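Visitor: Pasting a structure below so you can have a look.
The values are calculated or read from the model by the stated rules, or taken from the named source; none is laboratory data. Quick caveat: nothing in here was measured; it's all calculated off a predicted structure. Here Cβ is always computed from backbone atoms with ideal geometry, including for glycine, and neighbour counts include all displayed protein chains.
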Ligand SMILES: Cc1cc2nc3c(=O)[nH]c(=O)nc-3n(C[C@H](O)[C@H](O)[C@H](O)COP(=O)(O)O)c2cc1C
């Protein structure tokens, strides 16, 4: 079955660390919804930014992306890649979660600060970032 995947970065509107619990609420909700509709992926939070990679049935992905785009817990949603795929990268994770820690922030920064005109470099950064998310997910073994 053909799947769709989306990768984006966004600016967080969450007042961190005071309202850190909002991130937990978001992850808990997302895990249970994603499981229900066959979406898998990963979310990183770095005190100031979110980055999320999701993959799943095109209809479910497009409905979720519409909700995410108008969610006021973040802003400036910068969609880096929309792709079709047959194999899942995060098949064991409804939503692996990383953050906030220095490594996540350091790894994400080049993607946030990239030259928007340089498509080839953006692609390379996106591949590296997805690989980082996958390694993070595998290392924490939070199969959810
Ligand atoms: C950064 C970010 C990532 C999100 N990721 C997901 C997700 O993977 N799955 C999900 O169901 N909701 C996710 N949400 C929440 C949705 O935007 C939305 O609030 C949720 O689907 C409930 O929508 P509804 O009340 O309109 O049904 C995310 C929100 C933000 C801010």
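Visitor: Just checking, which of 50, 97, 103 is closer than 25 Å to residue 13 by Cα, modelled with pLDDT under 95 and not in a helix (DSSP H, G or I)?
Guide: That would be 97, the only listed residue that is closer than 25 Å to residue 13 by Cα, modelled with pLDDT under 95 and not in a helix (DSSP H, G or I).
Visitor: When only residues in region 26-40 that are surrounded by 13 or more Cβ atoms within 10 Å (Cβ to Cβ), without any contact (Cβ under 8 Å) to a residue 40 or more places away in the chain and assigned to a helix (DSSP H, G or I) count, which is farthest from the ligand (Cβ to nearest atom)? Show your work before the answer.
Guide: Kept after step one, since they are surrounded by 13 or more Cβ atoms within 10 Å (Cβ to Cβ), are these residues of region 26-40: 26-28, 30-31, 33-35, 37-40.
From the residues that got through so far, the ones that are without any contact (Cβ under 8 Å) to a residue 40 or more places away in the chain too are 28, 33, 37-38.
Restricting the remaining residues to those that are assigned to a helix (DSSP H, G or I) gives 28, 33, 37.
Values: 28: 10, 33: 3, 37: 8 Å.
Once the filter is applied, the top-ranked residue is 28.
Visitor: Kindly indicate whether residue 43 is away from the ligand (no atom under 14 Å from the Cβ), in contact (Cβ under 8 Å) with a residue 12 or more places away in the chain and either loosely packed, with under 13 Cβ neighbours inside 10 Å or closer than 22 Å to residue 135 by Cβ (or both).
Guide: The answer is no for residue 43.
Visitor: So which of 89, 84 ends up being modelled with pLDDT of 90 or more, outside any helix (DSSP H, G or I) and surrounded by fewer than 17 Cβ atoms within 10 Å (Cβ to Cβ)?
Guide: Only one candidate qualifies: 84.
Visitor: Residues of region 77-92 being within 14 Å of the chain's Cα centre (by Cα), more than 9 Å from the ligand (Cβ to nearest atom) and more than 26 Å from residue 139 (Cβ to Cβ), which ones?
Guide: Residues satisfying the conditions are 78, 79, 82.
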